[in-house]
């Protein structure tokens, strides 16, 4: 037999107040990742001595985000214009260590996203 005691004064809510908005945001993120899989073989994220090189970007304005799990002060967000097929994130922006590099864009009213973890 299990006995559970609760107090009315404690709040036991397990979801956020914006639950449905959060669920929609998560669904959009998953859709973008699924769409981005089409680009896995063509878009390249490479480490070079000058920084991290993004090659064969789509011909759309692209948002490049860098997330440093150990120090959020190093996070960055760069909008790359559609005229660039390649883009270099220079060493001046990156410190040695683990990074999550995210590339996002819209194409034909559909979201696309590629996420890559790397050690620079």
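The values are calculated or read from the model by the stated rules, or taken from the named source; none is laboratory data. Fair warning: this is a prediction, and the values are worked out from it, not measured in the lab. Glycine also receives a Cβ, built like all others from the backbone with ideal geometry; neighbour counts cover every protein chain displayed.
Numbers at a glance
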| item | result |
| --- | --- |
| Within the range 7-120, strands (runs of 3 or more DSSP E) holding 3 or more residues that are in contact with a strand residue (DSSP E or B) (Cβ under 6 Å, 6 or more places away or on another chain) and modelled with pLDDT under 90 | none |
| Candidate set from the range 50-87 (those that are farther than 24 Å from residue 32 by Cβ and touching a residue at least 40 places away in the same chain (Cβ under 8 Å)); member that is surrounded by the most Cβ atoms within 10 Å (Cβ to Cβ) | 51 |
